[in-house]
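Everything on this sheet refers to the single structure shown next.
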Amino acid sequence: MLENKRPESMARITTKELADKFIAEQLDALRAQIGDKKVLLALSGGVDSSVVAALLIKAIGKQLVCVHVNHGLLRQGEPEQVVRVFRNELDANLIYVDAVDRFLERLVDVTDPEAKRKIIGAEFIAVFAEEAKKLDGIEFLAQGTIYPDILESGGVKSHHNVGGLPQELNFELVEPVRLLFKDEVRVVGKALGLPDEMVFRQPFPGPGLGVRCLGAITRDRLEALRHSDAILREEFAKAGLEGKVWQYFTVVPDFKSTGVKNDVRSFEWPAIIRAVNTVDAMTATIEEIPYAVLHKITDRITKEVPGINRVLYDLTPKPSGTIEWE
Ligand code: XMP
């Protein structure tokens, strides 16, 4: 049974030295727990699963099997980054599953936000379980459970994230960062040599772009969303806003408005910019993004993204709006 209570004597991991000490202890503990057995991990590319993967690669190398499910709702460049960092740079045993068509087909005409979430979560578990069944000799399942997950939900990572433990896969759990807070996981990730864009990335919901492509998801509107989000992130980074704004993204609703592009009338979707700051995501305030940055983003999105002819800026704090639109 894994210890699920953080000892009062446990120092907060704030420095590379403390992270190195934690890593050394974990490597011993992981090797003792796992021996020569195999471990399976759903690797989303998020901070927590990436840090768990990096720890396990160091501890047991190819005994770890990572499964990355591309459900088509990831941000631009994310699946490629997972493959580059873990397969190419860290030489991990990585199974990349292209499940894009499968997810998008299941989501056709589904408009209800909770129904969309449920389908994405259930399909993720189905894909992961199918991959697991193809593998022989797996005895452990690694998870990126962190301490707030334990405090908030009794240790079940799946309540908000897709990718929780598939009930039918009865493996012993390996949860090396379960007593750490998010900021500590980042310090450990940095000490393990993971790239900053992976370690310091903003929170991203489990159902991904699925809850930002409002209403029934279509492939063309999903691409417009992914493209506009990439432009927004690029311009925020250039303006030095990365790390200053807690969460920022675009939303593409399922209605159109009239516009004019290259002297021709257009009838296209708007992209909505959301940029918020918060401490715990329970309430959130609006970031005052400099107008010059907003103008640049508007100019680029309307010129570069097919299907978008307007850009709107959401000024609503939480409450009354939630951070996500769905
Ligand atoms: P809301 O929209 O409720 O979001 O103000 C608060 C924080 O939670 C994230 N979020 C989710 N994360 N699965 C997740 O893993 C979800 O279904 C989900 N819905 C919202 C949101 O991005 C924000 O950081």
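We did not get these values from a lab; they are worked out from the coordinates using the rules stated. Bear in mind that the values here come from a model prediction, so they are computed numbers and not experimental data. Cβ: placed from backbone, ideal geometry, glycine included. Neighbour counts: every protein chain shown.
For a quick check of your reading: which helices (runs of 4 or more DSSP H) sit entirely within the range 167-285 and have at least 3 residues that are crowded, with 20+ Cβ neighbours inside 10 Å and either more than 17 Å from the chain's Cα centre (by Cα) or not polar (S, T, N, Q) (or both)?
182-191, 219-238
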When the range 305-323 is checked residue by residue, the ones that are surrounded by fewer than 17 Cβ atoms within 10 Å (Cβ to Cβ), within 23 Å of the chain's Cα centre (by Cα) and assigned to a loop (DSSP other than H, G, I, E, B) are ASP314, PRO317, GLY321, THR322
What residue, among those in the range 200-246 that are away from the ligand (no atom under 12 Å from the Cβ) and among the aromatic types (Phe, Trp, Tyr), is farthest from ALA271 (Cα to Cα)? PHE200
Residues in the range 86-93: is at least one buried (at least 16 other Cβ atoms within 10 Å of the Cβ) and under 18 Å from the mean Cα position of the chain (by Cα)? yes
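Can you work out which of the residues in the range 261-285 that are touching a Pro at 6+ places or on another chain (Cβ under 8 Å) and away from the ligand (no atom under 11 Å from the Cβ) is farthest from ALA230 (Cα to Cα)?
Going through the range 261-285, the residues touching a Pro at 6+ places or on another chain (Cβ under 8 Å) turn out to be 269-270, 272, 276, 281, 283-285.
Those left that are additionally away from the ligand (no atom under 11 Å from the Cβ): 269-270, 272, 285.
Details: TRP269: 17, PRO270: 16, ILE272: 13, THR285: 23 Å.
Selected residue: THR285.
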Failed condition for VAL69, given (1) touching a strand residue (DSSP E or B) at 6+ places or on another chain (Cβ under 8 Å); (2) more than 16 Å from the ligand (Cβ to nearest atom); (3) not in a helix (DSSP H, G or I), with all others met? (2)
Does any residue of the range 131-141 turn out to be touching a helix residue (DSSP H, G or I) at 6+ places or on another chain (Cβ under 9 Å), surrounded by 18 or more Cβ atoms within 10 Å (Cβ to Cβ) and closer than 24 Å to PHE22 by Cα? yes
Condition check for VAL51: assigned to a helix (DSSP H, G or I) and touching a strand residue (DSSP E or B) at 6+ places or on another chain (Cβ under 9 Å): no
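For the range 101-110, which positions are surrounded by fewer than 19 Cβ atoms within 10 Å (Cβ to Cβ) and assigned to a helix (DSSP H, G or I)?
Filtering the range 101-110 for residues surrounded by fewer than 19 Cβ atoms within 10 Å (Cβ to Cβ) gives 101-102, 104-106, 108-110.
Within the range 101-110, ASP101, ARG102, LEU104, GLU105, ARG106 meet the criteria.
For the range 111-129, name all the residues that are crowded, with 17+ Cβ neighbours inside 10 Å and out of contact with any Phe, Trp or Tyr (no Cβ under 6 Å at 6 or more places or on another chain). Give the derivation first.
Of all residues in the range 111-129, those crowded, with 17+ Cβ neighbours inside 10 Å come to 116-117, 119-121, 123-125, 127-128.
Hits for the range 111-129 are LYS116, ARG117, ILE119, ILE120, GLY121, PHE124, ILE125, VAL127, PHE128.
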